[in-house]
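The values are calculated or read from the model by the stated rules, or taken from the named source; none is laboratory data. A quick note: this is a predicted structure, and the numbers were derived from the prediction, not measured. With ideal geometry, Cβ positions are generated from the backbone for all residues, glycine too; neighbour counts draw on all protein chains shown.
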Amino acid sequence: MLTAAVRNGWTRCRLLLQPVATGIRQLSEKRCATTAAQQNWQARVDLAAAYRALDQLGYNEGICNHLSLMTPSADGSGAELMLLVPYGLHWSRVRASDLVGLDAAGRVVEGNGRAETSAATIHRPLHEARPEAKAVFHLHSPYATALSCLQDSRLRMVHQNCLYFLSSIAYDLDYSGVSVQDSEGARLASCLAPDKTCLMMANHGYLVLAGTAAMAFHYSYYLERCAMYQLLAMQTGRELKELDPAFAKAAQQDMLKFAERDGEQFFRAVQQKLRDEGSDFDK
Ligand SMILES: [Zn+2]
């Protein structure tokens with residue numbers, strides 16, 4: 001049984017602590033908003049860097065292929081937005097502040113401009129189907145796209161970099177026209193088994209899903225490079241020298257062991273290169 005003194009003590013404590021609790025809650029809310037704003041800005045900087053760097057590499061085509069990245073809303077509301085280049089802005093001009101944020105309904109709720117139709121129809125359903133994939137990069141780069149135009153568009157294990165994709169690549173063999181329906185993103189997602197993170201899209205290009213912009217950049221870069229090596233080797237007309245499957249499986253483990261570290265470092269180096277060149281991607 002509680003004594004009157006203890007009861008009075010608790011009451012006094014509760015009264016004394018009430019403003020403290022309110023202060024902590026306000027501080028916590030403020031901190032959440034600040035953290036969300038910081039995460040949002042970092043996501044913007046990373047995505048803008050990816051647009052700029054992939055443009056420099058010649059991996060984009062026109063203005064209708066896209067890179068998207070999920071991020072907390074900057075206002076700290078807890079909503080998760082999909083960042084995207086606004087329709088009509090060239091990849092070579094993208095700045096962090098230019099990106100638009102789309103809510104779950106596909107409405108632009110951050111930034112100015114609108115999303116291109118196929119960007120919304122391809123990317124949004126993919127993010128929904130694969131919530132672990134914070135980044136979805138869709139590219140029409142020359143060699144990988146050329147590979148997607150072949151009857152047999154398999155990425156052959158002919159170079160060590162191909163090992164990145166030994167177990168992660170899938171193929172969509174049914175080109176279904178320009179993407180204007182939400183169902184296209186869902187269809188593409190259905191082509192990707194849970195362990196697959198890259199999709200060769202017949203007669204079109206490719207998709208890379210990753211947890212961060214850095215890793216989506218890393219794998220986008222190397223998939224194009226692998227396609228380049230394969231097609232250049234095929235152009236000689238001589239027989240391809242594929243890696244022994246058992247050896248490839250073992251060697252893949254070594255590649256993947258350092259993939260995250262190398263991917264992050266590569267992306268930071270790319271951003272430094274952009275800064276050294278005077279790029280305003282981070283503005
Ligand atoms: Zn496309």
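Structure notes:
- Pairing each residue of the range 114-126 that is away from the ligand (no atom under 13 Å from the Cβ) with any residue that is in a helix (DSSP H, G or I), provided the two are 6+ apart or on different chains, yields C-beta distances under 7 Å for Arg124/Gly185; Pro125/Gly185; Pro125/Ala186; Pro125/Ala189.
- Residue satisfying all of: in the range 134-166; out of contact with any helix residue (DSSP H, G or I) (no Cβ under 7 Å at 6 or more places or on another chain) and under 30 Å from Gln42 (Cβ atoms); surrounded by the fewest Cβ atoms within 10 Å (Cβ to Cβ) among these: His140
- For the range 158-182, filtering for residues that are modelled with pLDDT under 80 and away from the ligand (no atom under 16 Å from the Cβ) leaves 0.
- Enumeration of residues in the range 56-79 that are away from the ligand (no atom under 16 Å from the Cβ) and either loosely packed, with under 15 Cβ neighbours inside 10 Å or in a loop (DSSP other than H, G, I, E, B) (or both): Leu57, Ser73, Ala74, Asp75, Gly76, Ser77, Gly78, Ala79
- Screening the candidates Tyr219, Tyr206 for the property of being within 15 Å of the ligand (Cβ to nearest atom) and of a type in the set (Phe, Trp, Tyr) yields one hit, Tyr206.
- Residue count for the range 138-150, restricted to those that are away from the ligand (no atom under 11 Å from the Cβ) and in contact with a Leu (Cβ under 7 Å, 6 or more places away or on another chain): 4.
- Subset of the range 186-203 that is buried (at least 23 other Cβ atoms within 10 Å of the Cβ) and farther than 13 Å from Ser168 by Cα - its residue that is nearest to the ligand (Cβ to nearest atom): Met201
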